[in-house]
Each structure stands twice: as C-alpha cells, then as structure tokens.
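The structure appears right after this line, and notes come after that.
What follows is calculated from the coordinates using simple rules that are stated; it is not laboratory data. Predicted model, so just to flag it, every value in this text is computed and none were measured. Every residue, glycine among them, receives a Cβ derived from its backbone with ideal geometry; neighbour counts consider all protein chains shown.
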C-alpha cells in the first residue's frame, strides 16, 4: 500500500511551522592558555579571524579577554551576532565552535581541519570540498 504523499507533505509542513527561530546572538566563554596581547593580535589579524569564523553566518563578532583563571588560562568571551536566527541551541553551538577554533589557533598555532586528511580513497591527499 503506497503512502498518502499529500498527507506526509502536510505533516512535514506542520512540523516545520512549529520550529521557532532561535536567538540572533550567542555568547560563550572558554579558558585559553595564551597571553592577552597574543589573543588580541590573533583576533585583529584578518586571516586568523576569517579562519576562526569560516562557515559561520556571522554579522558581527566580539572577543573579550578576561583575567587568568589559575593555571587554566585566560577566560575569553566570544559574542556572535548571526545574520539570521537559527533554531534552538544552534547559535550557542556556533559560538562554541568559533571559540574552540580560536583556542586551537592560540595554543597550537593552527585551526584544525579535515582538509588533506589521509584516507583509503582515490582523492586522498587532495583538498576537501
């Protein structure tokens, strides 16, 4: 017996209509082991900032560097203003992703990526799309 396609489409529309757009702004904090001057230099560098915010639909981003938290590092607050509202906790997830990228850049000198990730496939070693 074939499913009733119009009924499924109506159910899908009803579910999508219930999804409410979330916030336009998100704020996350994370300790980063780096001195304040280096963190500010990284954030001011256009290439580094672009790497941190790559793929995130951000209209504006601000970083506030706080005090040292014992041996954990300096507490860094990242505030993102998104181009459009996103559902649920997605805004917080995007802010966390950008902040983890900044942490990696400050502590390891690079933003982690899966580009050129070796694998048992024909296109191994080529840039990821």
FRET efficiency (residue 79, residue 114; Cβ distance; R0 22 Å; to 0.05) is 0.20
By the C-alpha gyration tensor axes a ≥ b ≥ c (rounded if a/c is under 1.5, else prolate when a/b exceeds b/c, else oblate), the shape of the stretch 21-108 is prolate
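Full extension from residue 107 to residue 27: what is 0.36 nm times the residue separation minus their Cα-Cα distance, to one decimal in nm? Please report the intermediate quantities before stating the final value.
Values: separation 80, 0.36 × 80 = 28.80 nm, distance 2.09 nm.
Separation in residues times 0.36 nm, less the Cα-Cα distance, equals 26.7 nm.
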FRET efficiency, 1/(1 + (r/R0)^6) with R0 30 Å, evaluated for residue 90 and residue 36 via beta carbons: 0.50
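Mind checking the full-extension length gain between residue 45 and residue 12? Use 0.36 nm per residue of separation minus the Cα-Cα distance, one decimal, nm. Write out the running numbers ahead of the final one.
Details: separation 33, 0.36 × 33 = 11.88 nm, distance 4.44 nm.
Net length gain for the segment: 7.4 nm.
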